[in-house]
C-alpha cells in the first residue's frame, strides 16, 4: 500500500513539474497550463497568439494545386508541417544579401540583415521583415509547447520561434529552407554587368 501512495505522489510531482516547465517555456500567458487546457478544444490544437492580421492578398489553393506547384519536400514541410533535417537545407549557411520569401506565395518574410548563425542547422533570423507577414501559433505536437511560425498570406508552415536569439529581439526564428525562396539584392547589379 505504501508503494502505491509513493507512486501517486511521484506522478503528482511529475505533473506539477511539467506544468511549470511548460508555462516557463511559453512566450504568451495563454500558453500556461490553464490556457492550454482551455485551448485544447480549439480546432487543430493551434491558436493564433500574436493578434489580428491584415486580410489582404490571401492565397488559397486546393491540396492538389499545392502538390503540383511544390516539390514533394516543400509540400511535406509547408503544407503538412514537416521539418527538414538539420544542416541539409539550401539556406542554413547562406550568406548572400537579399530577402527570403515564402516558397508558396512570395510573401516577404525575412531580410539577410537579420539572419545569424545559431548553430542549429536551420536558417535563423532574429526578426521578420514585417510582423504582419507571419502568424504565430501554439504547437503542442511535442512534449514541450513551441511557437509555430506560418506565412500569413498562404498559411505555409515555416518553422518555429524560440526565445534564445540575439539582441535586439532575443528571438530565434528557426525556419526550414524548403519553405523559403531567396531574392538577391545583387540581381540588378548582375543584370547591368551582363549588358
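No lab work stands behind these numbers, since they all come straight from the coordinates. Note that the structure is predicted; figures quoted are calculated from it, not measured. Heads up, the Cβs are rebuilt from the backbone with ideal geometry, glycines too, and the neighbour counts pull from every protein chain shown.
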Exercise. Exposure proxy check: 71, 147 ranked by fewest other beta carbons within 10 Å?
Worked result: 71, 147
For this session: Report Rg/Rh for region 45-194, rounded to two decimals, where Rg is the Cα radius of gyration and Rh the Kirkwood radius.
Result: 0.96
Exercise. How high is the relative contact order of region 45-194, in percent, with contacts defined as C-alpha pairs under 8 Å that are six or more residues apart?
Worked result: 28 percent
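Of 94, 160, how do they rank once you tally other Cβ atoms within 10 Å and put the fewest first?
Neighbour counts put them in this order, fewest first: 94, 160.
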Problem set entry | Cβ-based exposure ranking for 105, 174, 154, in which fewest neighbours within 10 Å come first | 105, 154, 174
Exercise. Given labels modelled 7 Å from the Cα in the Cβ direction, how far is it in nm from residue 169 to residue 141?
Worked result: 2.1 nm
Exercise. Taking 0.36 nm per residue of separation and subtracting the Cα-Cα distance, what length does fully extending residue 68 through residue 185 add?
Worked result: 39.2 nm
Problem set entry | Label-point separation in nm, residue 60 to residue 80, each point 7 Å along Cα→Cβ | 2.4 nm
